[in-house]
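Below you'll find the structure, written out as structure tokens, and then a few comments.
The values are calculated or read from the model by the stated rules, or taken from the named source; none is laboratory data. Model, not experiment: these values are computed from the prediction. Backbone-built Cβ (ideal geometry, glycine too); neighbour counts: all protein chains shown. Note: areas computed on protein heavy atoms with side chains; ligands, DNA, RNA excluded. Shrake-Rupley method; radii C 1.70, N 1.55, O 1.52, S 1.80 Å.
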Amino acid sequence: MSSKKRVCIIGAGMAGLTALKNTLEHDLAAVAYERHTAVGGTWIYMERKAGESEEDVHSSMYQGLHTNLPKELMGFPDYDFDTNIEESFISSELVLEYLQNYAEHFKLTPHIKLEHEIIRVRPRNEGWEVIVHDLKSDKYFVEFFDFVLVCNGHFTTPMYPATEGLDSYQGQRLHSHLYRTPDIFKGHNVLVIGGGPSGIDIVHHIHQHAEHVYFSHHLETEPRTDFMPNVTQKTDIQRFTADGAIFKDESSASFSFVIFCTGYKYTFPFLSVDCGLNVDVNWVHPLYKHCLNINKPSMAMIGLPHQICPAQLFDLQVRFVLAYFAGRKELPSRADMLAEMETDMQERWASGVSKRVAHKMGVKQFDYYEDLAVTAGITKLKPVIGKMMKACSKKYIFELDTYRQKRFKVVDDENFVQIV
Ligand code: FAD
């Protein structure tokens, strides 16, 4: 038996694949468990089956989705998208193909166990006991690992706001997690709640089918919707009525469908209570630099931060924690890690950040990337990534009608050009 230390990777989406690739490159042994029949996570589009519950639906991907970041930002640092693809804002199918090619290119497949669900992770001696459910044979088995990388994704468990009167509302409702195609809204007045990327994109997708779309959000600056004449922007909801809602500005609307684009809950149903982590709304703690479990630093959560450049961040977080797992770097004391987290969180709470978005980065992301790289002494993100991220910032809100026609080209590690 190999004497290499063993890493358990939970999930084989974008985060799990880069976790696996980097772990193997650190000369550690690794197994990635994926409960679905294929790798790719979010990027796998599946039609809804009759009777399927929210929990049964694998991914929140919908038909016709094109990325909200250009492909020049969507890839990992060491593997480019096919250069024959001309457009920058690409279909979900092309992202999925990219992830599958990445797995093949880096020979990850032998280390991935598909249709294997992790149902329990608990500390055992110096490492971890992991209970795995082989979904094909319906058998359970136990494995032992030295390290755990949690890459289970955070866009599949719907979060609903508590809104007065929702029980009295008689129309149909669904969460963006279950939205697939726009045709079902033909002839309906529809309310879309939530001004995040999904809310805005779904308004754009459905307006040509629906009779009228009401778009309720609290974005500080209203997105442009004048090119969609049947869309009316609304404030937050005050209360639902039997056939519609009254909004905070006292206006009202009638509709027969509501789509909740109100975000997702972070859930880790497989973590036992003694794993050393608490999940308070969407705040996972105590974590060193939003990823390493301070109480049990042989476990890390990859991909909690949002408003970031996902593939680049996942790869960076993985390389960060592996510097410690592989023994190349020594962690600060527990007290120092806790103190750093405390200072960071106090600043976040003071600036109005809620637990729901506790790991939000936004404009802080560039300092965060720098901090991870400098602290662990690992390769930094290329400067061109930060420059392109800044050029794309919030374009999906304010240039919804045109921004996906743009094309970018990376010139070198520092520079890019916008060619259209
Ligand atoms: P996931 O892709 O969710 O993968 C997690 C994997 O873990 C899944 O395959 C799941 O089956 C598996 N898993 C979970 N629990 C277990 C378990 N217990 N045992 C075994 N396996 C398990 N990002 C962008 O950069 N650009 C975009 O344009 C963009 N568009 C998006 C559109 C939508 C509709 C959504 C929902 C997200 C979008 N994102 C986008 C964000 C996207 O989710 C991330 O880019 C990235 O794909 C997340 O990867 P992940 O590996 O963290 O999670």
If unit charges are put on Cβ atoms (+1 for Lys and Arg, -1 for Asp and Glu) and the dipole of the range 160-260 is taken about its Cα centre, the option from Gly194, Phe260, Phe240 lying farthest towards the positive end turns out to be Phe260
Which value, in nm² and rounded to one decimal, describes the direction-averaged projected area of the C-alpha convex hull of the range 160-260?
5.9 nm²
Report in % the part of the accessible area of the chain that belongs to carbon and sulfur, leaving out ligands and nucleic acids; probe 1.4 Å.
50 percent
Give, to the nearest whole percent, the P(r) tail of the chain beyond 26 angstrom, counting all Cα pairs.
57 percent
Roughly what angle does helix 383-392 make with the longest principal axis of the chain, taking Cα atoms, 0 to 90 degrees, to the nearest 10?
20 degrees
Using a Gaussian network model of the chain with C-alpha springs under 10 Å, which one of Gly11, Gly276, Gly352 is most mobile by mean-square fluctuation?
Gly352
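Rank these by accessible area, largest first, 1.4 Å probe: His359, His285. Please report the intermediate quantities before stating the final value.
Values: His359 5, His285 35 Å².
Sorted descending by solvent-accessible area, the residues read His285, His359.
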In Å, what is the Rg of the alpha-carbon atoms in the range 316-355, and how long is Dmax?
13.4, 37
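Give me the 1.4 Å probe accessible area per residue for the range 198-249, excluding ligands and nucleic acids, in Å². Don't jump to the answer; show the numbers that get you there.
Values: 2500 Å² over 52 residues.
It amounts to 48 Å² per residue over the range 198-249.
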Cut-off 10 angstrom, C-alpha nodes, Gaussian network model of the chain. Which of Arg319, Arg407, Arg328 fluctuates the most?
Arg328
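Are there trypsin sites (Lys or Arg not before Pro) in the range 1-95 that DSSP marks as loop and that have at most 13 other Cβ atoms within 10 Å, and which are they? Provide the component values of the computation, followed by the final result.
Numbers: sites: Lys4, Lys5, Arg6, Lys21, Arg35, Arg48, Lys49, Lys71; in loops: Lys4, Lys5, Arg35, Arg48, Lys49.
For trypsin sites (Lys or Arg not before Pro) across the range 1-95 that sit outside H, G, I, E and B with at most 13 neighbouring Cβ atoms in 10 Å, the list reads Lys4, Arg48, Lys49.
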Cα long-axis angle, helix 334-350 against the chain (0 to 90 degrees, to the nearest 10):
10 degrees
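Per DSSP helix of 4 or more residues, -39500 (n - 2.57); summed, then divided by the residues of the chain. What does that give at 222 nm, rounded to the nearest 500? List each step's numbers first, then the result.
On the way: 9 runs with 99 residues, N = 420.
Result for the chain, helices only: -7000 deg cm²/dmol.
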Taking Cα atoms, how many degrees apart are the long axis of helix 197-206 and the longest axis of the chain, rounded to 10 and kept between 0 and 90?
40 degrees
Taking alpha-carbon centroids only, the range 84-125 lies from the range 264-279 a number of Å equal to 23 Å
Can you tell which of Asp401, Asp78, Asp146 shows the greatest fluctuation in a Gaussian network model of the chain with Cα springs below 10 Å?
Asp78
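Mind putting a number on the dipole of the range 160-260 about its Cα centre? Charges go on the C-beta only, +1 for Lys and Arg and -1 for Asp and Glu, and I need it in Debye to the nearest 20. Let's see the in-between values first.
Working: 7 positive and 12 negative charges, 52 e Å.
So the dipole magnitude of the range 160-260 works out to roughly 240 debye.
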